[in-house]
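The structure appears below as structure tokens.
The values are calculated or read from the model by the stated rules, or taken from the named source; none is laboratory data. Nothing here was measured: the structure is a model prediction, and the numbers come from that model. Every residue, glycine as well, gets a Cβ built from its backbone with ideal geometry; the counts of neighbours run over all protein chains shown. The protein model used for the area step is the full one, side chains on, heavy atoms only, and it has no ligands, DNA or RNA in it. Shrake-Rupley method; radii C 1.70, N 1.55, O 1.52, S 1.80 Å.
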Amino acid sequence: MAGQEHEQWASRVGFLLAAIGSAAGLGNIWRFSYVAGENGGAPFLIIYALCILFIGLPIVIAEISIGRNARGDAVLAFRHARPDRAWYLTGGMAVIGCFFILGFYGVIAGWSLKYFVSALSGHLWITDNYSTYFSGYIAQPIEPVIWQAIMMALTVIVVAGGIQKGIEAANRFLMPVLGLILVFLAGYSLTLDGASQGLAFLFAPDWSAFTRPSVYIAAIGQAFFSLGIGMAIFLTYGGYLARGHSIPRAAAIIVAGDTLLALCAGLAIFPAVFSFGLNPAEGPELAFITLPGLFQLMPAGKWLAILFFGLLVGAALTSMFSILEVPVAYFIRRTGLSRRTVTVALGIIIFSVGVPASLGYSVLKSASIGSRNILEFYDYAISNFLLPLGGIATALFTGWGWGKAKALEESDFHDSTIGKIWLFCLRFIGPIFIALAFFSVSFF
Ligand code: TRP
């Protein structure tokens, strides 16, 4: 490490907040609610919970263990664990993958910031047709790219500050604020007339969903995206973790926190949407078209819009720090350059990777891959290929490649029964289910 001390979290709570901040992002706020609703509500939630428990949680534990053991970045950690094998390619794929994930994530984060600022200034209320407002906005070539650049710049400033003074400090401030906003919005939404319809939409059992393979695929995909696993993020954050804290316990808190925040977001959004007789639409549409229309109808809507889009911006930022930190950690070690130089350089490169996704709605409108525009293609390739591939590789490495004794030791499970269950999940359950989902997505 070029003679440098590897950085470390100031406290365990700081690590947990940063890890939950990474997991909780745009994926929890609109993607979770919509995917859950689309896939039958309660049965989806059950399958999702099983995916989180038997696939997601074991992989989070594996990532933290590999990282803490090596006290190093994604590539170094796999090399450290098995110098004689090519497992480090898993880390290499994660480093490259993060360029694309953050590139595309930054575009949507930029949309969120634009809406937040417009809610503050009042510009958001100049129309009552948010469908044209939104499509008109993203069809401009310049403005969305500027907001995207601002979100990337904020991310760079925080990550350049380092682990304790940058990432940990920002999460310590942002996460409690975001939690409070979310609980407030959920509480408010639940008091509205007709809120129960929203609850029914989310939780009403539709048992036929159990027989649809697409529900399983949706649940695995959502579990991966929402936790943010497979891209060495918890591995990199775990590299800054001191020994002496139980990894399984930390992972359980992180996973529970992420799931709870997703549920809260669903409780904030759907009761309100149904209460005003609106339709729960898909993906970006929900946050950027349906919700502004909804806020306009609500008495305190102007304030709620500021809170909601502020929440979206903050949640996106805390995820962006973690995605940037993966390549930053790697390139600091490889180049020996300062954190600041590396972070700025990578920020600019990753921003550029994201720009075509933004321009896919304007000057690059004619560029499409299959039926998808550039942003949709990024999203599709990442969620359905990159993350599952990274997840399988991490599970297989820990289950088979690392050595049973070593894996149990480094994860703090030692010789416990639950440790054996953990390994079984990594060896069989995770890889088999991910592979099934992977193939069904590729073929249908
Ligand atoms: N989990 C975050 C969300 O829900 C996004 C995220 C953070 C992510 N790190 C990741 C997604 C790594 C994929 C891979 O929005």
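Observations
- Approximating the spin labels as points 7 Å out from Cα along Cα→Cβ, the I421-to-R85 distance works out to 2.6 nm.
- Measuring only protein heavy atoms, the 1.4 Å probe finds L45 accessible over about 30 Å².
- Surface accessible to a 1.4 Å probe, D206 within the full protein complex, Å²: 60
- Per-residue extension of 0.36 nm, minus the Cα-Cα distance of S338 and T127, leaves a gain of 71.2 nm for this segment.
- Taken as entire DSSP H runs, the helices of the chain that both span 15 Å or more between Cα atoms along their own long axis and average 0.0 or more on the Kyte-Doolittle scale are 12-23, 57-70, 88-121, 143-160, 169-190, 213-227, 247-275, 301-335, 339-359, 430-443.
- Sequence-distant aspartates and glutamates (8 or more away, or on other chains) whose Cα lies within less than 19 Å of K420: E63, E409, E410, D412
- Fully extended contour minus Cα-Cα distance, from N279 to A242, at 0.36 nm per residue: 8.5 nm
- Computed FRET value (nearest 0.05) for W207 with S362, which takes r as the C-beta separation and R₀ as 35 Å: 0.20
- Placing L346, L260 in order of accessible area, with the largest value first and a 1.4 Å probe, yields L260, L346.
- For region 300-325 and region 378-444, distance of Cα centres in Å: 31
- Per residue, the solvent-accessible area of region 239-374 (1.4 Å probe, heavy atoms of protein chains only, all protein chains present) comes to 38 Å².
- Of the whole protein surface, F99 contributes about 30 Å² of accessible area at a 1.4 Å probe radius.
- Of D73, D415, the order by accessible heavy-atom surface (1.4 Å probe, DNA, RNA and ligands excluded), from most exposed downward, is D415, D73.
- Using just its DSSP H runs of length 4 or more, each adding -39500 (n - 2.57), the chain gives a mean residue ellipticity at 222 nm of -22000 deg cm²/dmol after division by all residues.
- Packing, taken as the mean count of other beta carbons within 10 Å per residue, orders the peptides 155-161, 117-123 from highest to lowest as 155-161, 117-123.
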